[in-house]
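Down below is the structure, laid out as structure tokens.
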Amino acid sequence: MIKKMIYFLGSLVAVLSSWIYLKKKKQAEKSERLSRYQGTWFFSDSQQKQQLQITSDYTFLINGQSLGTSVVEIDEQRLVVRDQYGFYLVFSYPEQTLYDESADVSYKLTSEK
């Protein structure tokens, strides 16, 4: 009877530890996928090259000026933020575009290499 209890407890510990490990691994992978938005991007607005920086807390800066953004939604396909005036900016990752609701314009982004 004691052997069965020890076997059961050992199995339970193994299952729980593997579950915790897989959960942490999945969270780390998701965090890594979401970090793709961070960095420096460029786009052209009225024939002028603009620089977009996205920080680790997903703050948007254009040419070094903060837009006072707050995150509305973030997943692997898009990052949606609201600026200080209430307009939305949508960064679509697979297409690498930035949609600016205030101007109703989408910009093609290029990354800094």
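The values are calculated or read from the model by the stated rules, or taken from the named source; none is laboratory data. Because the structure is a prediction, the values reported are computed rather than measured. Counting neighbours? That spans all protein chains shown, and the Cβs are built from the backbone with ideal geometry, glycine included.
In region 93-113, the residue that is modelled with the lowest pLDDT out of those that are of a type in the set (Ser, Thr, Tyr) and surrounded by fewer than 15 Cβ atoms within 10 Å (Cβ to Cβ) is 111. Has region 74-82 got any residue that is acidic (Asp, Glu), within 14 Å of the chain's Cα centre (by Cα), surrounded by fewer than 13 Cβ atoms within 10 Å (Cβ to Cβ) and part of a strand (DSSP E or B)? Checked region 74-82: no residue is acidic (Asp, Glu), within 14 Å of the chain's Cα centre (by Cα), surrounded by fewer than 13 Cβ atoms within 10 Å (Cβ to Cβ) and part of a strand (DSSP E or B).
Of the conditions (1) hydroxyl-bearing (Ser, Thr, Tyr); (2) under 21 Å from residue 110 (Cβ atoms); (3) surrounded by 10 or more Cβ atoms within 10 Å (Cβ to Cβ); (4) modelled with pLDDT of 80 or more, residue 46 satisfies every one except a single condition; which number is it? Looking at each condition in turn, residue 46 falls short on (3).
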